[in-house]
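What follows draws every value from the coordinates through simple rules; no lab data is involved. In this text, all values refer to a predicted model and were calculated from it rather than measured experimentally. Reconstructed Cβ throughout: ideal geometry from the backbone, glycine too, with neighbour counts over all protein chains shown.
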Amino acid sequence: MPPDSPHDASGGATLPLHALLGRFESIGDNCEFGLVQRYGGIEPLGLMRFSASRIDHLLHALDSDFALYGQGDDLFVYPHVTNYLFCRSRRYDFEYNTGHLAGSDDPAAVLKREARKVGYLKRRLLEDLRLGEKILVRKAGPQEGPAEAAALLRALRRHGPAELLIVRAAEGPASVRRHEGGWLEGTVTRFAPYDLAAAVHLPPWLDLCRRTENLVQGRPDTLPPPPRNLLPSRLRLSSGWPRRHRPEAGADQTVFGPLIDLQPLDRKAVHTLTCWVWIPRSYRGEGIAAAIGDRRIRWREADLGLRERWQKIHVSATLPEEHRKLRIGLASRGRDAGPFRSAGWFLAESPEPAAAERPPRAARLLRRG
């Protein structure tokens, strides 16, 4: 990768974000950090990555080498209120979403697959603990204090030279320090609600991972450079001016935007396209969305109820390995939609949309569609 490649918009000082997040592994108390990794563009295998786990049960599992997890009749699957099949351990009370919709798969077949998966992942976790190369992340539950953190560190270090990061919610920017008990004590601004775990507030988590990696590696805690706009220069130079888009008459969907050369970009990194759209009252389409090919991890489509004003939309996605070029831009859905406008296109190597609070100045001069 060229030295000036914008490969590190949100990660550590020397690691691209996807590599930085791969240095960590979640050990509960729920799936929040696993989703941080997903939103950062990686899907690492992890025994506890998406599991709900009470600290006393986790300590018991570590002290017993997870010996009973997945053995015999330990596991069972059941339909959760979310309409997905969940898998639960009778002995350790761990629970996670299998990703299978209730009623769409045979529960017995799902259970068999989950038992095989648990068997493999627990062997992998024990080997990772023995090597001590990853930072284990524990999102502290409401009743978990220093005594529980100390007990967890002891249980982990029975297996190998573990680094443990205990994360708590606290006001202010993300922070991390070495606790006198030996573990790393970190903070993020807030946790997602337990019943809405997907609503992760991502920036503090990414900042915490960067700060933690710097602390562990003995590097100064410097801020990463701001993201650069990776769109071709002709689009960057004109992006502040409103553009008029007229969807093709009779087409179910029309996509506006250039074919971007992917060769200079990091295919493993999450990229986010942010732009502003102005929807006139006359627009009759079914939706307007930012598009990075047909992929998306997180997104915000246009609110069709907001007319005659600017609104910010975005999409984040990884880039396909098999393509040399990819169309990146806006998609209008629905036949005979009619025209709309856009401005302020910004493509960055980052899982977060551009921070601009207002559209470009030239676009703000627009008073009607």
Mind listing the phi-derived Karplus ³J(HN,Hα) values for the range 98-107, rounded to whole Hz, using 6.51, -1.76 and 1.60 with θ = phi - 60°, and x for any glycine or proline? 6, x, 9, 5, 4, x, 9, 9, 5, x
Overall Cα dimensions of the range 29-178 - principal axes, largest extent first, Å: 48, 34, 29
Largest-first ellipsoid semi-axes for the chain, taking √(5λ) over the Cα gyration tensor eigenvalues, angstrom: 42, 25, 18
Given the Cα-Cα distance of ASP65 and SER282 and 0.36 nm per residue of separation, how much length would full extension add, in nm? 71.7 nm
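Percent relative contact order of the range 233-364, based on C-alpha pairs within less than 8 angstrom and at least six residues apart? Display every interim value, and only then the final one.
On the way: 324 pairs, mean separation 55.3, N = 132.
Over the range 233-364, the number comes to 42 percent.
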Please work out whether the range 89-235 counts as rounded, prolate or oblate from its C-alpha gyration tensor, where a ≥ b ≥ c are the square roots of the eigenvalues and a/c under 1.5 means rounded, while otherwise a/b larger than b/c means prolate and anything else oblate? oblate
Residues meeting the amide H criterion for VAL137 (H placed from the backbone, H to H distance under 5 Å, 5 or more places apart or on another chain) are GLU25, SER26, ILE27, LEU165
Translational diffusion coefficient, Stokes-Einstein: compute it for the range 251-369 using the Kirkwood radius over C-alpha pairs as Rh, at 10 °C and 1.306 mPa s, and state it as an integer in µm² s⁻¹. 108
Taking square-rooted eigenvalues a ≥ b ≥ c of the alpha carbon gyration tensor, is the range 114-153 rounded, prolate or oblate, where a/c under 1.5 means rounded and, failing that, a/b exceeding b/c means prolate? oblate
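State the three equivalent ellipsoid semi-axes of the range 36-86, derived from the C-alpha gyration tensor as the square roots of 5 times its eigenvalues, in descending order and whole Å.
Rounded to whole Å, the semi-axes are 22, 18, 11.
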Contact order normalised by length for the range 129-278, with contacts defined as Cα pairs under 8 Å and 6 or more residues apart; what percent is it? 14
Once amide H atoms are built 1.01 Å from N in the peptide plane, which residues 5 or more positions from PHE86, or in another chain, come under 5 Å H to H? TYR78, HIS80, THR98
So what is the calculated 222 nm ellipticity per residue for the chain, using -39500 (n - 2.57) for each DSSP H run with n of 4 or more, over all residues, to the nearest 500 deg cm²/dmol? -7000 deg cm²/dmol
Mind listing the long-range amide H neighbours of ARG327? Cut-off is under 5 Å, sequence gap 5 or more, other chains count too, H placed in the peptide plane at 1.01 Å from N. ILE260, GLY293
Mean separation of Cα contacts under 8 Å (at least 6 apart) over the residue count of the range 17-217, i.e. the relative contact order in percent, is 20
Helix 202-217 versus the longest principal axis of the chain: what angle, 0 to 90°, nearest 10, using Cα atoms? 50
Give me the net charge of LEU59's neighbourhood, meaning all other residues with Cβ under 15 Å from the Cβ of LEU59; Lys, Arg count +1, Asp, Glu -1. -1
Hey, what do the phi angles of the range 124-134 turn into as Karplus ³J(HN,Hα) couplings, whole Hz, using 6.51/-1.76/1.60 and θ = phi - 60°, x for Gly and Pro? 5, 4, 4, 5, 4, 5, 5, 6, x, 8, 10
Calculate the length of the line joining the C-alpha centroid of the range 339-369 to that of the range 288-333, in whole Å. 13
How much of the DSSP bridge set in the chain is antiparallel, in percent, rounded to the nearest 5? 80
Note, the range 336-346: 3J(HN,Hα) by Karplus (6.51, -1.76, 1.60, θ = phi - 60°), whole Hz, Gly/Pro = x, goes 6, 6, x, x, 8, 10, 9, 7, x, 5, 8
What are the semi-axes of the equivalent ellipsoid for the range 43-118, taken as the square roots of 5 times the Cα gyration tensor eigenvalues, largest first, in whole Å? 21, 13, 11
Environment charge of PRO146, counting only residues whose C-beta is closer than 12 Å and scoring Lys/Arg +1, Asp/Glu -1: -3
Taking r as the C-beta separation of ASP73 and LEU101 and R0 as 30 Å, the FRET efficiency to the nearest 0.05 is 0.80
Fraction of beta bridges assigned by DSSP in the range 17-217 that are antiparallel (%, nearest 5): 50
